[in-house]
1. Find the residue count for the range 59-79, including only residues that are surrounded by 11 or more Cβ atoms within 10 Å (Cβ to Cβ), under 14 Å from V7 (Cα atoms) and of a type outside the set (F, W, Y).
2. Just to be sure I understand, how many residues within the range 28-58 are on the phi > 0 side of the Ramachandran plot and in contact with a Lys or Arg (Cβ under 7 Å, 6 or more places away or on another chain)?
3. Which of the residues belonging to the range 62-79 are in a strand (DSSP E or B) and farther than 14 Å from A27 by Cα?
4. Look at the range 10-59 and say how many of its residues are more than 17 Å from D78 (Cα to Cα), outside any loop (DSSP other than H, G, I, E, B), out of contact with any Pro (no Cβ under 8 Å at 6 or more places or on another chain) and not small (G, A, S).
5. Yes or no: T56 surrounded by 14 or more Cβ atoms within 10 Å (Cβ to Cβ), of a type in the set (V, I, T) and at pLDDT 90 or above?
Amino acid sequence: MPRSRAVLSGRLERVECRQRHGRSVEAVLEDRTGSISLRWLGRHAVPGVVPGALVTVEGTVVDEHGRRVLLNPIYQFDRPSDLGRSGSSSSSW
C-alpha cells in the first residue's frame, strides 16, 4: 500500500515512549471501525497525549510489516460529543 493521508477520530488506548531506532512516542487510536498506531518520531512526550484522550489526528499512513501506522500526526483534542458528528473521521485503513 502506498503512503496515503488520513483524518481519524477516536480514543487513545495506549501511550508509551519507545527507544527503538531512536526515541518516539507511540499510541494506539481506537474508533468504532478498529485501531491504528500513531508514532511521533524524535519525541519523549507529546503534551496531552495520554490514555483515554479523545483526539482527531491527520497524517501519513504507512504499512509497517502488515500494521498500519500514522507517522507524526497533527492532532487536536475533542469533546465526547464531537466523535459522533458527521465527517469527523475518514480512513483508508
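1. The total comes to 12.
2. Residues in the range 28-58 being on the phi > 0 side of the Ramachandran plot and in contact with a Lys or Arg (Cβ under 7 Å, 6 or more places away or on another chain): 2 in total.
3. V62, D63, E64, Q76, F77
4. Of the residues in that region, 8 qualify.
5. Answer is yes for this residue.
Condition check ((1) under 11 Å from the mean Cα position of the chain (by Cα); (2) under 27 Å from P80 (Cα atoms); (3) at pLDDT 95 or above) across all residues:
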| residue | (1), (2), (3) |
| --- | --- |
| R3 | no, no, no |
| A6 | yes, yes, no |
| S9 | yes, yes, yes |
| L12 | yes, yes, yes |
| R39 | yes, yes, yes |
| P51 | no, yes, yes |
| G66 | no, no, no |
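The values are calculated or read from the model by the stated rules, or taken from the named source; none is laboratory data. Since the model is a prediction, treat every value here as computed from it, not as a measurement. No Cβ is skipped: glycine too gets one built from the backbone with ideal geometry, and neighbour counts run over all protein chains shown.
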